[in-house]
Structures are given as structure tokens and as C-alpha cells.
1. When you check Val82 against the structure, is it more than 22 Å from Val167 (Cβ to Cβ), assigned to a helix (DSSP H, G or I) and aliphatic (A, V, I, L, M), yes or no?
2. If only one of Arg145, Arg189 is at pLDDT 95 or above, of a type in the set (Lys, Arg) and within 15 Å of Gly11 (Cβ to Cβ), which one is it?
3. Among Leu24, Leu9, which is the only one that is within 18 Å of Leu86 (Cα to Cα), in contact with a helix residue (DSSP H, G or I) (Cβ under 6 Å, 6 or more places away or on another chain) and surrounded by 18 or more Cβ atoms within 10 Å (Cβ to Cβ)?
4. Looking at (1) of a type outside the set (Phe, Trp, Tyr); (2) under 26 Å from His57 (Cβ atoms); (3) modelled with pLDDT of 95 or more, which is the only condition Glu125 fails?
5. For segment 118-143, what are the residues that are among the charged types (D, E, K, R), without any contact (Cβ under 8 Å) to a residue 24 or more places away in the chain and within 19 Å of Val81 (Cα to Cα)?
6. When Ala113 is evaluated against the numbered criteria (1) within 22 Å of Thr18 (Cα to Cα); (2) free of Cβ contacts under 8 Å to residues at least 60 places away in the same chain, which criterion, by number, is the only one it fails?
7. Take the residues in segment 88-135 that are over 16 Å from the mean Cα position of the chain (by Cα), assigned to a loop (DSSP other than H, G, I, E, B) and acidic (Asp, Glu); name whichever of them is farthest from Arg64 (Cα to Cα).
Amino acid sequence: MSRGLFLTLEGGDGSGKTTQAELLEQWFTAEGRTVVRTREPGGTAVGVEVREIVLHHRGDIAPRAEALLYAADRAHHVATVVRPALARGEVVVQDRYIDSSVAYQGAGRVLDAAEVRSISEWATEGLAPDLTILLDLPSDVARRRLDGARTRYDRLEAEAGEFHARVREAYLALAGAEPDRFLVVDATRPVDEIHSVIRARIEALA
């Protein structure tokens, strides 16, 4: 596979996205591919500033404003990082994309999911991943993982269990609606097993 490849990792905080992104980067690099590993928000200098606002701002942010901030970051990120990398034939391994907004701002913030998606699809000019890997983890397990790894929660991590349950349900519904794009993996499985499942699905894309 020498064409550009766009892979996104989704799931709740604590589901292991960073670990799996690292393993994918190592694998592709060993195969001789150039990898761009990035995230939303925060994949550009502009995105770092947006990330600080949406995740660490003290005080409330109106849900619609939050959704628009994520979409603005996404528009800039796709235009300046993702599309150029894909045009060069590189592999983009990305932590979060449009599905995060649909799950977190749509279901979590109880906004209209179709409207949230439409904003991001306009912002990205319709760019869709080749594969979206959903690391599925029950919210109580995720909370225990975060409790052991965090000294401070960001604005979304700090939300109540009901919020995170809605997010998980939304993710699973998205995956159920687009099985050809999604790979759902049980994130309670051992790290190496998860990586093997992901690799097998990617190899089937060729």
C-alpha cells in the first residue's frame, strides 16, 4: 500500500488510543512508510490554543460554541496537516476526528448530532477516514484507569458518568451505522492483542 492512508482512533478517555497510535506508528515506520501522527484538537499551533480553551478553560463554554471551536480547529488541521500528508502518500494516524464531535458534543452535550456532523463535514470538505478504530471501554473501567493516571481532569474527563455513558452509546451507534469504516475493538483486551486485530484490519484494506 503506497497511497496516502487516513486512520483515526476514537473512544473515551482512558481507552488506550495513545498506546495504539504509538504501536501503529512503529509498525508503519518499520514497513518503510512515512507516518504523520497527530491529534484533534492540538495538531497545529492554532490547535494547541483551541485545545487549551476547550479542555482547560475555567468556567462554562456554551455547547454550541464548544462544537464550533472543535470544527474550526478541524478545518485548519485538515487543510494544513492531514490533506498535505495524504497527498504525499503518507500515513496519517490521528487521535480523534469528526466522530468525537458527534459523540461528545452531539450526545454528550445533547446537541443535534446531524448538525454537529454537518458543521465538521463542511469544515473538512468531506474528508473521511479510510478506517476508524473505536476502542470501546465501559465508562466505569475508563474512570478507574483515569483515576490511576491523572492528577487533574480536563473539562470533558471531569463530566459525570451519565455524560460518558451517552458518549459511549453514541460511538457504538456510529460504528453500527458504518461497519465498513469502523473497527470496534474491546479495549479491555491486552494491548498486543488489540494491536494485532487493528493490523489485520488495516492489511485487509490493501
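The values are calculated or read from the model by the stated rules, or taken from the named source; none is laboratory data. No experiment lies behind these values; they were computed from the predicted model shown. All Cβ positions, glycine included, derive from the backbone under ideal geometry; neighbour counts span all protein chains shown.
1. yes
2. Details: Arg145 fails: at pLDDT 95 or above.
Exactly one residue qualifies, and that residue is Arg189.
3. Details: Leu24 fails: in contact with a helix residue (DSSP H, G or I) (Cβ under 6 Å, 6 or more places away or on another chain).
Result of the check over Leu24, Leu9: Leu9.
4. Going through (1) of a type outside the set (Phe, Trp, Tyr); (2) under 26 Å from His57 (Cβ atoms); (3) modelled with pLDDT of 95 or more one by one, Glu125 breaks only (2).
5. Glu121
6. (1)
7. Glu90
Condition check ((1) in a loop (DSSP other than H, G, I, E, B); (2) crowded, with 19+ Cβ neighbours inside 10 Å) across all residues:
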| residue | (1), (2) |
| --- | --- |
| Asp13 | yes, yes |
| Arg37 | no, no |
| Glu49 | no, no |
| Arg58 | yes, no |
| Ala67 | no, yes |
